[in-house]
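Notes to accompany the following structure.
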Amino acid sequence: MSVAIYPGSFDPMTNGHLSIIKSGLVVFDKLIVAVLRNPRKEALFTVEERVEMITEELQGAGNLEVDSFDGLLVDYCKRKNARVVLRGLRAVADFEYELQMANMNRHLNTQVETVFLMANDAYFYVSSNIVKEAARLGGDVDRLVPPGIARRMKAKLAATKGT
Ligand code: PNS
């Protein structure tokens, strides 16, 4: 059985992530969406909220697990018996960062391969950071993230305003 890990910050999950997950479910027997616990990175949503939001959006979406991890990704892959890391590629700008990560992961564990899938072209410019920035400034991001996540973003931004 081919198991792939789709790791990321997912703060929050966008429609671009969603398109990669849907493609990943076609290619692999099982997909594990893994949210990184990164105390060094300030996030809008807690890891628990992100896991809950992704789980909600992907209910009934086939052989999928939503989880969180800390430490090295390759060690997490080992714990999960997964030999594939799935990453999405958008524009050329992603390439250098992804190349660096894939090679570092290969250096750390030669048993783990990174596979790239292209995000749906409608979401080529969409990233969590750009969506958060636009939403913070009052921009409409409803078509860029799933509806449940758009609702949660509005609530979270309203609650954090002025704090
Ligand atoms: O969504 P992101 O922030 O681009 O995802 C980055 C992520 C989580 C895939 C990457 O930071 C990661 O794998 N971190 C775990 C720590 C690790 O294994 N580092 C060494 C390889 S880069």
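Worth a mention:
- When residue 37 is tested against (1) within 15 Å of the ligand (Cβ to nearest atom); (2) over 10 Å from the mean Cα position of the chain (by Cα); (3) closer than 18 Å to residue 132 by Cα, exactly one condition is not met: (3).
- Output for the stretch 60-96, where each listed residue is at pLDDT below 95 and either near the ligand (Cβ under 10 Å from one of its atoms) or within 16 Å of the chain's Cα centre (by Cα) (or both): 61, 89, 90, 94
- Residue pairs meeting the criteria (Cβ under 9 Å; at least 6 apart or on separate chains; first basic (Lys, Arg), in the stretch 98-113; second more than 9 Å from the ligand (Cβ to nearest atom) and in a loop (DSSP other than H, G, I, E, B)): 106/112
So that you can scan it fast, the table gives a plain yes or no per residue for (1) in contact with a Lys or Arg (Cβ under 9 Å, 6 or more places away or on another chain); (2) over 16 Å from residue 54 (Cβ atoms); (3) loosely packed, with under 14 Cβ neighbours inside 10 Å:
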| position | (1), (2), (3) |
| --- | --- |
| 110 | no, yes, yes |
| 114 | yes, yes, no |
| 118 | yes, yes, yes |
| 128 | no, no, no |
| 131 | no, no, no |
| 138 | no, yes, yes |
| 141 | yes, yes, no |
| 147 | no, no, yes |
| 155 | no, yes, yes |
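- Cβ-Cβ distances below 6 Å connect the following pairs, each with a first residue in the stretch 116-127 that is of a type in the set (S, T, N, Q), a second residue that is modelled with pLDDT of 90 or more, and a separation of six or more residues or different chains: 120/19.
- Among residues of the stretch 72-85 that are assigned to a helix (DSSP H, G or I), those with a beta-carbon under 6 Å from a residue that is modelled with pLDDT of 95 or more and buried (at least 18 other Cβ atoms within 10 Å of the Cβ) at least six positions away or on a different chain give the pairs 73/7; 74/105; 74/112; 76/69; 77/5; 77/112.
- Filtered by the rule that a residue be more than 12 Å from the ligand (Cβ to nearest atom), surrounded by fewer than 16 Cβ atoms within 10 Å (Cβ to Cβ) and either over 14 Å from residue 25 (Cα atoms) or under 14 Å from the mean Cα position of the chain (by Cα) (or both), the stretch 40-59 gives 42, 46, 48, 52, 55, 56.
- Tallying residues that are of a type in the set (Val, Ile, Thr) and under 10 Å from residue 149 (Cα atoms) within the stretch 47-70 yields 1.
- Residue list for the stretch 25-51, filter: more than 16 Å from residue 88 (Cβ to Cβ) and assigned to a helix (DSSP H, G or I): 47, 48, 49, 50, 51
- Of the residues making up the stretch 1-34, those that are among the aliphatic types (A, V, I, L, M) and away from the ligand (no atom under 16 Å from the Cβ) are 1, 3, 25, 26, 27.
The values are calculated or read from the model by the stated rules, or taken from the named source; none is laboratory data. All of these numbers come straight from a predicted model, not from anything done at the bench. Every residue, glycine among them, receives a Cβ derived from its backbone with ideal geometry; neighbour counts consider all protein chains shown.
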